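Reading through the C-alpha cells given below for one structure.
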Amino acid sequence: MSITKLDVVAAVVGLYVLQRYLSQKGSTPLPPGPRGLPLIGNVADMPSKREWVTFAEWGRKWGGICSVRLMGRSMVIVNSSEIMDELDKQGAIYSDRPRLEMGGELVGYKDTLVLLPYGARFRSFRKYFSNFLGPIPMENHVLTVEHESHRFLKRVLTKPNDLMTHLRKLAGGIILKLTYGIEVQEGDDPFVDLIENANHNFSAATVPGAFLVDFFPALRQLPEWLPGMGFMKTARIWAQATADMIEVPFAFTQKNMDAGTAPPSFVLNILEEDPSLSGKGLRDLKFAASSMYGGGADTTVSAEYAFFLAMVLNSDVQKKAQAEIDSVIGNDRLPGLADRPHLPYVNAVLTEVLRWNSVAPTGVPHTAIEDGIINGYLIPKGSIIIANLWNMLHDPDTYPDPFDFNPDRHIATAGREAQRDPRHVCFGYGRRICPGMHLAEASLFCAIVMSLAVFDITKTVENGIEITPVHANTSGIISYPEPYKCTIKPRSERVVSLIAQEHNF
Ligand code: HEM
C-alpha cells in the first residue's frame, strides 16, 4: 500500500487539530476553589450539614463558579443564576446524574427518573411525565387537587395540631390519585405507609458519607461475613421495600382495570393507549409511576409547611392575602384553582414561599457527559455539578433583604419592576428541570388559598407567652423548615359549615 501526498496532508492537518484541541484543553483552567490535599483532595473541606451556606461562602470568595476535588473527581459548584443559565443552554452535556452505589444500585432507585442516566430511556420517562403533567394535561387534574385540598381542610379543622401529618396525607393523596387512581383512606393508609417507608430508606441511603460503598464500589464484591459488610443486608431489606413500592400500587390499578372499575390515572392512560406494553416497557412504566411520589411528595410538603410558618411569622401578609380572597371570592364558597388569575397577592405569596424557603437548596446533582467549557473554565467529563439554588434565591442584589418574607417584591407597580421570578431557579435547570412543577404550583396554590380562606394561622401561646418560631432548615437534598409550633383556628362559624359542606370537587 503506497502513501499518497493527500494522506500526508490529511495526517498533518489531523495532528494539528488534535494538538490544538489538547493544548486548548490543557490551557483551560478548572474553576477556582479551595486547595485540597494530595489524593483525597477537598474531602476535609466538605461541610457535613447545611452545605449551601458553606458553598455560598466559597462563592463569595471564588466567584459564581468554583470547584473542589473529591477522591480524584471534580465537583463544580455554581452559585450564580447567570452561570446556571449557561448550563441550561448546554443542557445536552450537563444533564446526566451521578451513579449512587447504595441508594441507586443496591437499594434499587437507579431506575426511577431522578437517577436515570441521560439517554433514550430517560427521554421516554420524561415524555410520559410531560404528557401527563405538562401545562395543558394539568387541566384534567384540577378537580383531584381541589378535592384532596378540601379533605385536608377537614382534617386540619378536626386535629389542628397535626399539621405535618395532614400535609403528608394531602401530597400523598393527590399523587396516588393521579398516578394510580388510589383514593387515600382517613387515618393510616397502607399505600402511603408503604411508599413513605421506601422513600425514607432512600433518603437514609443517600446521606453523604453514610455508606463507604459509595466511595469504594468494589466493596460490593467482598464476602458478606467480613466486618463492615453489614450494609449488604440493610440494602437487601431496603431493596425489598423499593420493589413493594413499585409493584403493590401498580398491581392495585391493574386489578381495578381488569374489573373495569379503574378511574383515570397516569398508569391507566398509558396502559389503555398501549395495551401490548410488556417486558421492559411495562417495567419502565412501573418505575416512571413510582417516580411521581418520590419527586413530588417531600418537596410539596416542605413548601406547604414553609407557607404555614411564613404566615405565623408575618400576620400582616396573612391579613392582606385574606382581604384579597374575601373581596374576590366572598364567603359563600371555597376558592379553587379557577380563581388563581384573579388573586395576584395570593400568587405573590406562593412565589415568595418558593423563594424564601428553598425546598431543594442545592438542587439535585447533575454530571457532565463530556468535557465542556463554562464561563472560560473546563468542566471535565464526569464532574458532579451542584447548583446552589438557595444562594441564588437569597442573593441580595436580586432580592434585597432576602431573609424577609415579602410577597410585594413579586408584584410590579408603577415605577418598580417585579424582582426576578424565583420559579426560574427553584425547579432546577436543563433537561432535568422538575417535570412536576405545574402540579407543584397547583397543589401549593390550592393549599394556600383554601387555608387562608378558612383559617387564621397564628403564634402559639403557652403559659401566657407567645412562642415565635425561627425559620431554620433541615439538611439533605430535600430540606424542611425545622418543626415549629403554630395555632390554626377557623376564621368564623360560617367557614366551619363551608368546610363541612360537600363541594363539586
Ligand atoms: C414545591 C415543589 C417542588 C420543587 C421545589 C421541586 C424541585 C425540583 C428540583 C430542584 C429538581 C431537580 C432538577 C434538576 O436536576 O436540575 C426536581 C426534579 C424532579 N421533580 Fe420536582 N419539585 C417539586 C415538586 C414536584 C412534583 C409535584 C413532582 C411530581 C409529581 C416532581 C417530580 C420530580 C421528578 C420526577 C424529578 C426528577 C427529574 C429528572 O431527574 O429528570 N417534583 N424537582
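The values are calculated or read from the model by the stated rules, or taken from the named source; none is laboratory data. The model shown is predicted, which means the values in this text are computed figures rather than measured ones. Virtual Cβ from ideal backbone geometry, glycine too; neighbours counted across all protein chains shown. These area figures cover heavy atoms from the full protein model, side chains too; ligands, DNA and RNA do not enter into them. Shrake-Rupley method; radii C 1.70, N 1.55, O 1.52, S 1.80 Å.
Of the residues in region 445-503, how many are in contact with a helix residue (DSSP H, G or I) (Cβ under 9 Å, 6 or more places away or on another chain), over 30 Å from Ser48 (Cβ atoms) and polar (S, T, N, Q)?
Of the residues in region 445-503, 5 are in contact with a helix residue (DSSP H, G or I) (Cβ under 9 Å, 6 or more places away or on another chain), over 30 Å from Ser48 (Cβ atoms) and polar (S, T, N, Q).
Considering every residue within region 277-294, establish whether at least one is within 29 Å of Phe191 (Cβ to Cβ), more than 16 Å from the ligand (Cβ to nearest atom) and outside any helix (DSSP H, G or I).
Going residue by residue through region 277-294, those that are within 29 Å of Phe191 (Cβ to Cβ) are 277-294.
From the residues that got through so far, the ones that are more than 16 Å from the ligand (Cβ to nearest atom) too are 277-283.
After this cut, where a residue has to be outside any helix (DSSP H, G or I) as well, the list is 277-278.
Within region 277-294, one or more residues are within 29 Å of Phe191 (Cβ to Cβ), more than 16 Å from the ligand (Cβ to nearest atom) and outside any helix (DSSP H, G or I).
Given Ala251, Ala262, which one is open to solvent by 40 Å² or more (accessible area, probe 1.4 Å), modelled with pLDDT of 95 or more and either in contact with an Asp or Glu (Cβ under 9 Å, 6 or more places away or on another chain) or small (Gly, Ala, Ser) (or both)? It would help to see each step written out before you state the result.
Working: Ala262 fails: open to solvent by 40 Å² or more (accessible area, probe 1.4 Å).
Answer to the selection: Ala251.
Given the conditions (1) open to solvent by 10 Å² or more (accessible area, probe 1.4 Å); (2) assigned to a loop (DSSP other than H, G, I, E, B); (3) under 30 Å from His394 (Cβ atoms), which single one is not true for Gly91?
(1)
Exactly one condition in (1) open to solvent by 40 Å² or more (accessible area, probe 1.4 Å); (2) in a loop (DSSP other than H, G, I, E, B) is not met by Pro98; state its number.
(1)
So, of the residues in region 455-476 that are under 29 Å from the mean Cα position of the chain (by Cα) and open to solvent by less than 50 Å² (accessible area, probe 1.4 Å), which turns out to be farthest from Lys320 (Cα to Cα)?
So in region 455-476, the residues under 29 Å from the mean Cα position of the chain (by Cα) come out as 455-459, 468-476.
Within this subset, residues satisfying the condition of being open to solvent by less than 50 Å² (accessible area, probe 1.4 Å) are 455, 457, 469, 472-474, 476.
Numbers: Phe455: 14, Ile457: 13, Pro469: 21, Ala472: 25, Asn473: 26, Thr474: 29, Gly476: 33 Å.
Ranking the qualifying residues of region 455-476, first place goes to Gly476.
Sort out which residues of region 288-321 are more than 22 Å from Thr165 (Cβ to Cβ) and surrounded by 21 or more Cβ atoms within 10 Å (Cβ to Cβ), and write them in order of number.
Ala288, Ala289, Ser290, Ser291, Ala321
From Lys177, Lys169, grab the single residue that is more than 14 Å from the ligand (Cβ to nearest atom), in a helix (DSSP H, G or I) and either in contact with an Asp or Glu (Cβ under 8 Å, 6 or more places away or on another chain) or polar (S, T, N, Q) (or both). Outline the logic, then answer.
On the way: Lys177 fails: more than 14 Å from the ligand (Cβ to nearest atom).
Unique residue meeting the criteria: Lys169.
Quick test of your reading of the structure: Val184 fulfils all but one of (1) of a type in the set (A, V, I, L, M); (2) touching a His at 6+ places or on another chain (Cβ under 7 Å); (3) over 23 Å from Ile477 (Cβ atoms). Name the failing condition by number.
(2)
I need every pair where a residue in region 225-240 that is in contact (Cβ under 8 Å) with a residue 24 or more places away in the chain has its Cβ under 8 Å from the Cβ of a residue that is part of a loop (DSSP other than H, G, I, E, B) and of a type in the set (Val, Ile, Thr), sequence separation at least 6 or different chains.
As it stands, the answer is Ala235/Val107; Trp238/Val107; Ala239/Val107, since those pairs meet every condition given.
Return only the number of the condition from (1) open to solvent by 30 Å² or more (accessible area, probe 1.4 Å); (2) free of Cβ contacts under 8 Å to residues at least 40 places away in the same chain; (3) within 30 Å of Gln221 (Cβ to Cβ) that Glu82 does not satisfy.
Going through the list (1) open to solvent by 30 Å² or more (accessible area, probe 1.4 Å); (2) free of Cβ contacts under 8 Å to residues at least 40 places away in the same chain; (3) within 30 Å of Gln221 (Cβ to Cβ), Glu82 breaks only (3).
Consider Arg69 against the criteria (1) more than 21 Å from the chain's Cα centre (by Cα); (2) open to solvent by less than 60 Å² (accessible area, probe 1.4 Å): it satisfies all of them except one. Which criterion is unmet?
Every listed condition holds for Arg69 apart from (2).
On the basis of being open to solvent by less than 30 Å² (accessible area, probe 1.4 Å) and either touching a residue at least 24 places away in the same chain (Cβ under 8 Å) or closer than 21 Å to Leu212 by Cβ (or both), does Leu115 make the cut?
Values: open to solvent by less than 30 Å² (accessible area, probe 1.4 Å): yes; either touching a residue at least 24 places away in the same chain (Cβ under 8 Å) or closer than 21 Å to Leu212 by Cβ (or both): yes.
Yes, satisfied.
Quick one: is Cys434 closer than 30 Å to Tyr118 by Cα and within 16 Å of the ligand (Cβ to nearest atom)? Walk me through how you get there before you give the answer.
Working: closer than 30 Å to Tyr118 by Cα: yes; within 16 Å of the ligand (Cβ to nearest atom): yes.
For Cys434, the condition - closer than 30 Å to Tyr118 by Cα and within 16 Å of the ligand (Cβ to nearest atom) - is met.
For the list (1) assigned to a loop (DSSP other than H, G, I, E, B); (2) buried (at least 21 other Cβ atoms within 10 Å of the Cβ), I need the number of the one condition that Ala440 fails.
(1)
Name the single residue, out of those in region 187-212 being within 16 Å of the ligand (Cβ to nearest atom) and part of a helix (DSSP H, G or I), that is nearest to Thr261 (Cα to Cα).
We begin by selecting, within region 187-212, every residue within 16 Å of the ligand (Cβ to nearest atom); these are 191-192, 195-196, 198-199, 202-203, 206.
Imposing the further condition that a residue be part of a helix (DSSP H, G or I) reduces the set to 191-192, 195-196, 198-199, 202-203.
Values: Phe191: 18, Val192: 21, Ile195: 23, Glu196: 26, Ala198: 28, Asn199: 29, Phe202: 33, Ser203: 35 Å.
Result: Phe191.
Out of Ala235, Ala218, Ala204, which single residue is among the aliphatic types (A, V, I, L, M), more than 18 Å from the chain's Cα centre (by Cα), open to solvent by 20 Å² or more (accessible area, probe 1.4 Å) and on the phi < 0 side of the Ramachandran plot?
Values: Ala235 fails: open to solvent by 20 Å² or more (accessible area, probe 1.4 Å); Ala204 fails: more than 18 Å from the chain's Cα centre (by Cα).
Checking each option against the conditions leaves just Ala218.
Kindly indicate which of Val184, Val156, Val145, Val114 is away from the ligand (no atom under 14 Å from the Cβ) and either assigned to a helix (DSSP H, G or I) or among the charged types (D, E, K, R) (or both). Can you show your working first?
Values: Val184 fails: either assigned to a helix (DSSP H, G or I) or among the charged types (D, E, K, R) (or both); Val145 fails: away from the ligand (no atom under 14 Å from the Cβ); Val114 fails: away from the ligand (no atom under 14 Å from the Cβ).
After applying the criteria, what remains is Val156.
For Ala259, only one of the following conditions fails: (1) over 30 Å from Ser443 (Cβ atoms); (2) out of contact with any Gly (no Cβ under 9 Å at 6 or more places or on another chain). What is its number?
(1)
Tell me, which residue of region 250-275 that is outside any helix (DSSP H, G or I) and farther than 26 Å from Lys110 by Cβ is nearest to the ligand (Cβ to nearest atom)? Steps first, please.
From region 250-275, those outside any helix (DSSP H, G or I) are 260-265, 274-275; that's our starting set.
When the remaining residues are screened for being farther than 26 Å from Lys110 by Cβ, the result is 260-264, 275.
Working: Gly260: 27, Thr261: 24, Ala262: 20, Pro263: 18, Pro264: 16, Pro275: 25 Å.
Per the stated criteria, the residue is Pro264.
Do we find that Phe445 is among the aromatic types (Phe, Trp, Tyr), within 16 Å of the ligand (Cβ to nearest atom) and in contact (Cβ under 8 Å) with a residue 40 or more places away in the chain in this structure?
Working: among the aromatic types (Phe, Trp, Tyr): yes; within 16 Å of the ligand (Cβ to nearest atom): yes; in contact (Cβ under 8 Å) with a residue 40 or more places away in the chain: yes.
So Phe445 fits the description; yes.
What single numbered condition from (1) out of contact with any Pro (no Cβ under 9 Å at 6 or more places or on another chain); (2) without any contact (Cβ under 8 Å) to a residue 40 or more places away in the chain fails to hold for Arg432?
(2)
For region 101-112, enumerate the residues that are open to solvent by less than 20 Å² (accessible area, probe 1.4 Å) and without any contact (Cβ under 8 Å) to a residue 40 or more places away in the chain.
Once the filter is applied, which keeps residues that are open to solvent by less than 20 Å² (accessible area, probe 1.4 Å) and without any contact (Cβ under 8 Å) to a residue 40 or more places away in the chain, region 101-112 yields only Gly104.
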